[in-house]
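The values are calculated or read from the model by the stated rules, or taken from the named source; none is laboratory data. Everything numeric in this text was worked out from a predicted model, so none of it was measured. We place every Cβ from the backbone using ideal geometry, glycine too, and count neighbours over all the protein chains shown. For accessibility, only protein heavy atoms count, side chains too; no ligands or nucleic acids. Shrake-Rupley method; radii C 1.70, N 1.55, O 1.52, S 1.80 Å.
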Amino acid sequence: MEKLNKPNQLIAVKSNQKITVLQRKSYNILLKNAQNYIKFNDIEVSKDSSYNFVIDCDTVHEVAGIRKKDLDYIHKELEGLMGVIATVRDKDNKNNWTKFSLLPKIEKRDGKYYYMLIGDIVKELKEQTFFTPTNLLMIKTLTSQYSITFYELAIRYEKYK
């Protein structure tokens, strides 16, 4: 679970609220888990559907580098992701946009997180048309929300002069 081919739309996403470092790291792990599931299971993906995934809580905490032992804090951060409304603007016509919740649903049960992603995101994870290869081990060492954003943007534009 070291590399996430993160859809470019999710790197440059505009949000109605600040996304914390813990939320960014956790969300990347959830995306990577979903990407692995899609890669190894032949599923049809529709933009108009939603998809459910499951991951061990300890995996999220470990890979994201979450050292906090206060599980209520972690759960509040994950809950906060549910309130993040993202906006993606059409690159050809800035008047056209799409808004969505990054994480429509999450549930913790028996040491696992059960979570939902919308079809638009799952479709991008599957097709990997426009993505940035993101090193999750590198992100684990970063300590601010801005350093993660700058890292992802730097990797995204690394091939350009």
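Quick notes on this structure:
- Test: residue in the stretch 82-90 that is in contact with a Cys (Cβ under 7 Å, 6 or more places away or on another chain), of a type in the set (Ser, Thr, Tyr) and in a strand (DSSP E or B): no
- Filtered residue count, the stretch 107-139, keeping only those that are surrounded by fewer than 17 Cβ atoms within 10 Å (Cβ to Cβ) and in a strand (DSSP E or B): 7
So that you can scan it fast, the table gives a plain yes or no per residue for (1) at pLDDT 85 or above; (2) of a type in the set (Ser, Thr, Tyr); (3) surrounded by fewer than 14 Cβ atoms within 10 Å (Cβ to Cβ):
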| position | (1), (2), (3) |
| --- | --- |
| MET1 | no, no, no |
| SER26 | yes, yes, no |
| ALA34 | yes, no, no |
| PHE53 | yes, no, no |
| CYS57 | yes, no, no |
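- From the list LYS39, LYS76, LYS47, the lone residue that is among the basic types (Lys, Arg), in a helix (DSSP H, G or I), at pLDDT 85 or above and closer than 22 Å to GLN128 by Cβ is LYS39.
- Matching residues, the stretch 104-158, being among the polar types (S, T, N, Q) and at pLDDT 75 or above: GLN128, THR129, THR134
- Selection status of ASN28, out of contact with any strand residue (DSSP E or B) (no Cβ under 6 Å at 6 or more places or on another chain), outside any loop (DSSP other than H, G, I, E, B), within 29 Å of THR143 (Cα to Cα) and not aliphatic (A, V, I, L, M): no
- Between GLN9, GLN17, GLN35, the distinction of being in contact with a Leu (Cβ under 8 Å, 6 or more places away or on another chain) and either without any contact (Cβ under 8 Å) to a residue 40 or more places away in the chain or among the polar types (S, T, N, Q) (or both) belongs to GLN35 only.
- Those residues of the stretch 62-104 which are farther than 20 Å from LYS47 by Cβ, without any contact (Cβ under 8 Å) to a residue 12 or more places away in the chain and either open to solvent by less than 70 Å² (accessible area, probe 1.4 Å) or hydrophobic (A, V, I, L, M, F, W, C) (or both), in sequence order: LEU71
- Filtering the stretch 36-50 to residues that are closer than 19 Å to ALA86 by Cα and either buried (at least 20 other Cβ atoms within 10 Å of the Cβ) or polar (S, T, N, Q) (or both) leaves SER49, SER50.
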